Amino acid sequence: MPPSKRLEWTARAEREYLQALAFIAEDSGTRNAALVMQRIERAESWLASNPGIGTPGRRAGTREYPVAHIGHTLIYCIASSRIQILRFLHQRMNYC
């Protein structure tokens with residue numbers, strides 16, 4: 001297995017993620033927000049070890065990884081030593 005790359009979130013992506021968690025917690029409870037956090041942690045681990053798993057993004061140089069069962073997608077780019085999460089978007093959002 002190839003070595004894992006360091007994964008980092010941009011301030012924008014982190015803000016989108018925290019806002020989504022706050023909305024989920026308020027709308028459907030903290031337990032559901034915690035489940036989303038667990039799925040994101042798994043997705044982070046998977047991306048760090050397998051950066052090419054996402055599909056080519058709508059913007060040049062990006063990739064998209066839809067996280068199973070949460071309705072959100074991680075938009076990221078791959079650099080030589082790291083993976084940078086650029087956006088955390090609900091799958092119904094049009095971001096182009």
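Worth pointing out:
- Highest to lowest packing among 13-19, 56-62, scored as the average C-beta count within 10 Å: 13-19, 56-62
- Neighbour counts of C-beta atoms inside 10 Å place 10, 73 in the sequence 10, 73, starting with the fewest.
- Helix 11-28 and the long axis of the chain differ in direction by around 30°, with both axes built from C-alpha atoms.
- Kirkwood-type hydrodynamic radius, the chain: 13.6 Å, calculated from all non-identical alpha-carbon pairs.
- Within the shell defined by Cβ-Cβ distances under 13 Å, the residues around residue 87 carry a net charge of +2, with Lys and Arg each +1 and Asp and Glu each -1.
FYI, it's all coordinate maths here, none of it is from the lab. The structure displayed is predicted, hence computed values, not measured ones. Here the Cβ is made from the backbone with ideal geometry for all residues, glycine too, and neighbour counts use every protein chain on show.
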